[in-house]
1. Among what's in segment 98-122 and is under 21 Å from residue 32 (Cβ atoms), hydrophobic (A, V, I, L, M, F, W, C) and not in a strand (DSSP E or B), pick the residue that is farthest from the chain's Cα centre (by Cα).
2. For the condition among the charged types (D, E, K, R) and either part of a strand (DSSP E or B) or in contact with a helix residue (DSSP H, G or I) (Cβ under 7 Å, 6 or more places away or on another chain) (or both), what is the one hit in 46, 17?
3. Hey, does segment 236-252 have a residue that's crowded, with 17+ Cβ neighbours inside 10 Å and part of a loop (DSSP other than H, G, I, E, B)?
4. How about segment 51-96: which of its residues are in contact with a strand residue (DSSP E or B) (Cβ under 7 Å, 6 or more places away or on another chain) and not in a loop (DSSP other than H, G, I, E, B)?
5. Just to be sure before I move on: is residue 169 surrounded by fewer than 17 Cβ atoms within 10 Å (Cβ to Cβ), in the same structural domain as residue 61 (by TED's automatic domain parsing), at pLDDT 95 or above and out of contact with any Lys or Arg (no Cβ under 6 Å at 6 or more places or on another chain) in the structure I sent?
6. Can you tell me which residue is farthest from residue 168 (Cα to Cα) among those in segment 123-135 that are under 16 Å from the mean Cα position of the chain (by Cα) and part of a helix (DSSP H, G or I)?
7. If you go through segment 154-184 one residue at a time, how many are more than 13 Å from residue 204 (Cβ to Cβ) and in contact with an Asp or Glu (Cβ under 9 Å, 6 or more places away or on another chain)?
8. Please determine, by comparing only the residues of segment 96-135 that are buried (at least 21 other Cβ atoms within 10 Å of the Cβ) and touching a Cys at 6+ places or on another chain (Cβ under 6 Å), which one is farthest from residue 181 (Cα to Cα).
Amino acid sequence: MNAPRTYLFVPGNRPERFGKALLSGADAVVLDLEDAVSADAKSAARHAIAGWLPTVAERQRVVLRINDAASAHFADDLRLCAEVGIGQLMLPKTETPQQLAAVRAVVPAVLVLALVETARGIANAQTLAACAGVTRLVFGTLDFALDLELDISEQFDALSHGAGCLGIASRLAGLPTPVAGVTPQIDDTARLAADLAWERRHGFGAKLCIHPRQIEPVHAALAPSAEAVAWAHRVLAAEAASPGAARLDGRMIDRPVVLQAERTLQRAGVHSLGRMGA
């Protein structure tokens, strides 16, 4: 099964939206106990989630974003995770292996999406990616910008180093590509497209979404174009006809080109011919 491309946030205190979120087309739904829920509503949100989650057939698509390890709500959130047997959670402000160990001490089998939002988290990205239970890294761009006192309202240059660190750390740990942060401009399709283009150039293969209308454009942007799929088929056909010595459009088809073609077809959900000699 391919890794999710879209993670749709739903406030944990809005149970009437939980089921709708699962029907939205998002690959994964994130029930949020952190930023979307005020302090005085967190207990009610945990209660709503505890009542709803056991009734869900597609529990594997549900992620619970808990409060960070320094929060007064952290222990209560972990108890909820243990009680409902949540399979995946997102840990905000992930900075140290000790924070991840604290999660797994209470919920041993849980898979963790490590939300990296600070300079310390970026500096420790490779260590975090290698920790037991971590299944993916997520870039919290807005909080990261706040931590570094950056202005990213119109450009992303200041985020490039952090983005690159997460991409490299993910690769070294054998994790799926990292998850890009939110685009707050819900009705600005041009901004969403620009964000996605930048994120793809930095190796991200998924995105956090805050509204259902963002899902389809994200899926479309992450899918290979028809031209790319056609090129991939031609590459693999040429390789199959002349293994190790193929040429296409005047260019030698070496191993990296074949691998790129196979990856393109995988992203498109198309069955490839398979790598020769594999």
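1. It comes out as 106.
2. 46
3. Yes, the conditions are met somewhere in segment 236-252.
4. 53, 61, 62, 63, 64, 65, 81, 88, 89, 90, 91 - these are the residues of segment 51-96 that are in contact with a strand residue (DSSP E or B) (Cβ under 7 Å, 6 or more places away or on another chain) and not in a loop (DSSP other than H, G, I, E, B).
5. The answer is no for residue 169.
6. Pass one, segment 123-135, residues under 16 Å from the mean Cα position of the chain (by Cα): 125, 128-129, 133-135.
If we keep only those that are part of a helix (DSSP H, G or I) as well, we get 125, 128-129.
On the way: 125: 9, 128: 12, 129: 10 Å.
Checking each candidate, the answer is 128.
7. Going through segment 154-184 one residue at a time, the tally reaches 1.
8. By that ranking, first place goes to 107.
The values are calculated or read from the model by the stated rules, or taken from the named source; none is laboratory data. Because the structure is a prediction, the values reported are computed rather than measured. Please note: Cβ atoms are built from the backbone with ideal geometry, for glycine as well, and neighbour counts cover all protein chains shown.
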